[in-house]
2 protein chains.
Amino acid sequence: MTISDIQSTDDLVATIAQLFAARDLTALTNALTPVSPDDLVPVFERLSRKQRAVIYRLLAKDRAAELFELLDPPLQSDLLHGLQDAEVSQLFADLDHDDRLWLLDEVPAALATRLLRGLPEHERVLTSALLGYPQGSIGRRMSLEYVSTRESFTVAETMERVRARLADAETVYTIPVLDDSRHVVGIVSLRELLSAADDTPISQLMSAARMASAQDDAEFAARRCADLALLAMPIVDREHRLVGMLTIDDAIRILEHEESEDAARQGGTEPLRRPYLSTPVGALVRSRVIWLLVLAVGATLTVQVLSVFETTIAEVTVLALFVPLLIGTGGNTGNQAATTVTRALALGDVKSRDFARVLTRELRTGGMLGLLLGTLGFTIAAIAYSPQIGLVIGLTLLCVCTLAAAVGGCMPLIARAVKVDPAVFSNPFISTFVDASGLIIYFLIARAILGL
Amino acid sequence: MTISDIQSTDDLVATIAQLFAARDLTALTNALTPVSPDDLVPVFERLSRKQRAVIYRLLAKDRAAELFELLDPPLQSDLLHGLQDAEVSQLFADLDHDDRLWLLDEVPAALATRLLRGLPEHERVLTSALLGYPQGSIGRRMSLEYVSTRESFTVAETMERVRARLADAETVYTIPVLDDSRHVVGIVSLRELLSAADDTPISQLMSAARMASAQDDAEFAARRCADLALLAMPIVDREHRLVGMLTIDDAIRILEHEESEDAARQGGTEPLRRPYLSTPVGALVRSRVIWLLVLAVGATLTVQVLSVFETTIAEVTVLALFVPLLIGTGGNTGNQAATTVTRALALGDVKSRDFARVLTRELRTGGMLGLLLGTLGFTIAAIAYSPQIGLVIGLTLLCVCTLAAAVGGCMPLIARAVKVDPAVFSNPFISTFVDASGLIIYFLIARAILGL
C-alpha cells in the first residue's frame, strides 16, 4: 500500500507534467479529481511554482481550501500571490490560529498586516493575542481551542463540557484542571474520565500537570512535550494561569522545523524552509552562498598563515604535502565534537552551564584520539620520509586533535550562552578556525624540530 | 516552573555527588524520596554508571520500577548488570512489548535469550512475535495492546469494547475498524464515537485508514505517522490484516533516534546511543576513532596527489599557499549539497529515483556558486599575486564547486539506493573525495596556465 502510494505520486507528477505541456486543462482536472488532498501534498511539493498556481485553480473550492491547510507555510505563501484578495482573506480566516501564525511568519509584512485586517473581529483578537508573544516562543505556536475543567467539578460535569466542544476543540483527550483563578492545578485525560464513575470529583482523578510557560522557547517546550510523550501540554502565563495548549502534532512540527534548521546549519547552509524539489535553484544558491563566502574569507587566513611560512615551505617542500591531511584531520575532529555537543544541546542532555564538564571530556577525548593518530602518523611518516618528519607529523596530530576537540565541543555551548543557534557555530566555522591554528602549530613544530 | 525544574536537576546532581563523596546513604535516600521518577531521569543521565547503580538500589521498589521504564534502553541495560536475576526478570516482564524490544536491541545476545526465557509464557509468545519482524522494521516497534472494532458494530458496541480495554490498551483514541477477516477497512476516533448517537453503525462513521505495513522501515512508518499528525496508525500484514498499532509517542522516539543517528553520521561519528554526559570518555573515543582513521587514510590520498606535483610546488611555492583555501571551499560546497539532500531524503521530500533531477539542480547550483567564488578568487589573487595565478585560482574554484556540489548531492541518493545510511556517505567522506580530486584539478590547471 505504501509502495502504491509512492508510485501514484510519481505517476501523477509525470501525468501532470505531460498534460501541462499539452495544455490540456480538462484532462488535468479529470486526473486530479480522484486524488485526495492528503495525496496531493507530495505531488504539489514536486511541481514548479507556476504549475502549482495553475493546478490549485483547477481544484474545486472546498478541496482547494483543504489542500491549502495541509501545505507547508512557504508553499501557502507562494499560492497566495496568484489569488484574489477575497480568496486570500477567506483561506486565511479558515486556518487555525496556530497555522495562521506559521503563515504570517512567511509572508511579507505588508501582506501580513492586510491578512490580519481582513479577519473577522473575534478571530483577529485571538490571532493578535498570539502575535503578542515573542518571536520563537511557544506562545505563538499554542492552540486556543481547548477544553478545560475545574477541580470542583465532577466527571459528569466535565464530560458535558467535553461533549459541548467535540466539534471545535483542537484536542479533547487531555483536559487541564483549573482552580477558580484559572491556575492549572492538574490534568485529567479523557481515558481517565471514561474509566471513572460519573460523580467522582475531578480533584480525586487529576494528576500533576507537566506544562510550559508561554514565554518559553518553542523548541524547548516542544521537546518537553515529546520527551514526556504527552498528547497535549498546558501552556501557562507567568502566574501559572492557563493560556493555551500545545498539541503533540504541533510539537512535532516545531521539532522537525528546528531539526531541519540544525541539519542545514551543521552543513553550512541556511535552512531551505520548503521541500527540496520545490525550491528554485536560485534559492538553493542563496541558501549556500553567504556561508560559503564567510568560510572562504575565513580560509584566506590560511593563505596568510602559509605565506608567513613560505620560506619554510620553499626549504622543505615535503612539509606542504601533509597540509591537507593535517588540517583535514583537525577539522574532522572538531566537527565530531561539535556535532555531538550540538545534538546533546538540542536534546536537552547538556546545558550551557555544563561548560567545564564538556571541556574536560573533550580535552581527554581529543587527547586520546591525538595520541592514537599521532603515533600512527609518526610511524608512517618516519618510514616514508624521515624520523624527524615523522616526529613533526605525530606531534602536530596530537596537538591539533586535542585543540580541535576542545574548541569543537565548547563552541556550541558558547553559542547557546550568547543566544546564537549552536549549529551556526558548528562544523564549517570550526574547521576554518582549526585550519588556521593547526597550520601555525604545524610550522612552529616543524621549525623547532627541523631547526629551520 | 521550567526554570525551577532545571535548577532542581542541577542542584540534585550536585547534592547527590556531595552525599556520594561523603558516603552518606541515609541522607542520599532522603534527598531522593521527594523526587518523582520523571524528574529523576535527567538526574540519572548526568550521573556516572557507578553512581546510577548505587542510587537505583536506594529507591523504593515500585519507584525503581517506574524509573526503569522511563530510562533510555542503554541506561536500562547498564542497570541490569548490577541487579540479581530475579529482579532483572521482573523488570523485563513489567515493560511493554515495544519497550522490551528496544532493550533487547541493547543487551548482549546471551542476556537477551535469558530475559526472553524468563518471561511468562503468554508474554513470551507476544514478544517473540514482534521479534519475528526484520530488524529495523516497524513491526518490532508497534504496540500489541490496542482496541479494534468491526464495521458491522454500532457506536454503543464499540464504546463497550473501548471501556473494557481502558486500563490496559496503549491507545484508545484511535480505533481501527476491521472486516470479518481482520482486514483494516477504516478508522474511527474516540472523539467521533462520543459525538455520534449510540445506534450509529461504525461503517457510517469511519473514515479511510492511513496505515503502514509491518515490514516497512521503522523510520518511514514513523515519519508517515508524524507527517499525517496521527495519534496512532494501524500496522498491517501483507494482506492488510491488522497486526498492531504505532502510537505517536513511539513514532517520535523512532524519529529522534534516527535523527540523532543522522546528525552523528553527518559529523563523522557513530551515534552515542545514550545521553552525552552519561557516555564514558572511552565510548566517545570509540564513537569517533573509526571514522577519523578512515578519513585520515583517505586523506593520505592527498599526500600522494601532492607528492606527484612536488616539483611543481618547488618551482612555484605560492601554489601551496592556496591549497587549504581551495580544498576547504570544495569540501564546504560538497557538504552543503550533501546536507541538504540527506535531510530531504530523511523527510521523504526526495527519493532515490529523483537522481537525474538532483544531479541537474546541483550541477546548476554548484556552477553558479563556482562562477561567483571563482570571479572573486580571480580578482583577489590577480591583484595580490599575478593575473595568471588569479586565473588558476578562479578556474579551479569554478571546477571544484561544480564537481563538489554534484558529488555531494548525488552521494546520499546512491547510498540510499544501495541501502546504506545516506548520512554515512555525507560530509567528511565527501570532503576527502573532493580534496583529492580538487588538488588534481588545481595542479593540472596550474601546469597548463603557468606552462610548467
Inset, instruction - Looking only at segment A:247-254, decide whether some residue is among the β-branched types (Val, Ile, Thr), at the interface with chain B (Cβ under 9 Å from one of its Cβ atoms), touching a helix residue (DSSP H, G or I) at 6+ places or on another chain (Cβ under 8 Å) and under 20 Å from residue B:365 (Cα atoms). - result: no
Inset, instruction - Check segment B:60-78 and report whether any residue there is surrounded by 16 or more Cβ atoms within 10 Å (Cβ to Cβ) and closer than 28 Å to residue A:238 by Cβ. - result: no
Inset, instruction - Enumerate the pairs (first residue in segment B:123-143 and within 18 Å of residue B:95 (Cα to Cα); second residue anywhere and β-branched (Val, Ile, Thr) and surrounded by fewer than 15 Cβ atoms within 10 Å (Cβ to Cβ)) with beta-carbon separation below 6 Å, excluding pairs fewer than 6 apart on the same chain, so at least 6 apart or on different chains. - result: none
Inset, instruction - Identify the single condition in (1) touching a residue at least 60 places away in the same chain (Cβ under 8 Å); (2) at the interface with another protein chain (Cβ under 7 Å from one of its Cβ atoms) that residue A:273 does not satisfy, given that it satisfies every other one. - result: (2)
Legend entry - Flag if residue A:302 is more than 30 Å from residue B:247 (Cα to Cα) and without any contact (Cβ under 8 Å) to a residue 40 or more places away in the chain: no
Legend entry - Criterion violated by residue B:236 - all others in (1) closer than 23 Å to residue A:247 by Cα; (2) within 9 Å of chain A (Cβ to nearest Cβ); (3) of a type in the set (A, V, I, L, M) satisfied: (1)
Inset, instruction - Hey, could you check segment B:16-38 for residues that are surrounded by fewer than 16 Cβ atoms within 10 Å (Cβ to Cβ) and touching a helix residue (DSSP H, G or I) at 6+ places or on another chain (Cβ under 8 Å) and say which is nearest to the other protein chains (Cβ to nearest Cβ)? - result: B:38
Legend entry - Near pairs, Cβ below 7 angstrom, 6+ apart or cross-chain, from segment B:283-297 (more than 7 Å from chain A (Cβ to nearest Cβ)) to any residue that is among the hydroxyl-bearing types (Ser, Thr, Tyr): B:287/B:269; B:291/B:269
Inset, instruction - Name every residue in segment B:176-201 that is of a type in the set (S, T, N, Q) and at the interface with another protein chain (Cβ under 10 Å from one of its Cβ atoms), in order of residue number. - result: B:189, B:195
Legend entry - residue A:68 vs. criteria assigned to a helix (DSSP H, G or I), more than 17 Å from residue B:229 (Cβ to Cβ) and in contact (Cβ under 8 Å) with a residue 12 or more places away in the chain: no
Legend entry - Condition check for residue A:272: at pLDDT below 85 and either surrounded by fewer than 18 Cβ atoms within 10 Å (Cβ to Cβ) or closer than 30 Å to residue B:254 by Cβ (or both): yes
Inset, instruction - Find the strands (runs of 3 or more DSSP E) located wholly in segment B:156-262 whose residues include 1 or more that are more than 29 Å from residue A:251 (Cβ to Cβ) and not polar (S, T, N, Q), and list them. - result: B:174-178, B:184-189
Inset, instruction - Assess whether residue B:132 counts as being surrounded by fewer than 19 Cβ atoms within 10 Å (Cβ to Cβ), on the phi > 0 side of the Ramachandran plot and not acidic (Asp, Glu). - result: no
Legend entry - Hits in segment A:71-93 - residues which are outside any helix (DSSP H, G or I) and within 10 Å of residue A:274 (Cβ to Cβ): A:71, A:72
Legend entry - Count of segment A:332-350 residues which are facing chain B (nearest Cβ under 7 Å), more than 14 Å from residue A:406 (Cα to Cα) and not aliphatic (A, V, I, L, M): 2
Inset, instruction - Kindly check whether there is at least one residue in segment B:351-374 that is more than 22 Å from residue A:314 (Cβ to Cβ), of a type in the set (Ser, Thr, Tyr) and more than 33 Å from the chain's Cα centre (by Cα). - result: no
Inset, instruction - Would you please list the contacts, defined by Cβ atoms under 9 Å and residues six or more apart or on different chains, that run from a residue in segment B:354-378 that is assigned by TED's automatic domain parsing to the domain that holds residue B:401 to a residue that is among the basic types (Lys, Arg)? - result: B:354/A:46; B:357/A:46; B:365/A:288; B:369/A:288
Legend entry - Matching residues in segment A:84-122 - criterion: being without any contact (Cβ under 8 Å) to a residue 24 or more places away in the chain and among the hydrophobic types (A, V, I, L, M, F, W, C): A:86, A:109, A:110, A:112, A:116
Inset, instruction - Working carefully through the options B:115, B:119, find the one that is at pLDDT below 95 and either crowded, with 19+ Cβ neighbours inside 10 Å or in a helix (DSSP H, G or I) (or both). - result: B:115
Legend entry - Those residues of segment A:149-182 which are in contact with a Lys or Arg (Cβ under 8 Å, 6 or more places away or on another chain) and of a type in the set (S, T, N, Q), in sequence order: A:149, A:181
Legend entry - segment A:1-57: number of residues that are modelled with pLDDT of 80 or more, more than 26 Å from the chain's Cα centre (by Cα) and not in a helix (DSSP H, G or I): 7
Legend entry - Subset tally (residues that are free of Cβ contacts under 8 Å to residues at least 40 places away in the same chain and either closer than 30 Å to residue B:429 by Cβ or among the aromatic types (Phe, Trp, Tyr) (or both)) for segment B:381-408: 3
Inset, instruction - Residue by residue through segment A:229-269, note down the ones that are among the acidic types (Asp, Glu), surrounded by 19 or more Cβ atoms within 10 Å (Cβ to Cβ) and under 20 Å from residue B:262 (Cβ atoms). - result: A:258, A:259, A:261, A:262
Legend entry - Some residue of segment A:131-147 being among the aliphatic types (A, V, I, L, M), in contact with a helix residue (DSSP H, G or I) (Cβ under 9 Å, 6 or more places away or on another chain), more than 23 Å from residue A:63 (Cα to Cα) and assigned to a helix (DSSP H, G or I): yes
Inset, instruction - Being more than 10 Å from every other protein chain (Cβ to nearest Cβ) and among the hydroxyl-bearing types (Ser, Thr, Tyr) is the filter here, so list the residues in segment A:399-452 that pass it. - result: A:402, A:437, A:442
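The values are calculated or read from the model by the stated rules, or taken from the named source; none is laboratory data. As the structure is a computational prediction, the values presented were derived from the model and not from experiment. Please note: Cβ atoms are built from the backbone with ideal geometry, for glycine as well, and neighbour counts cover all protein chains shown.
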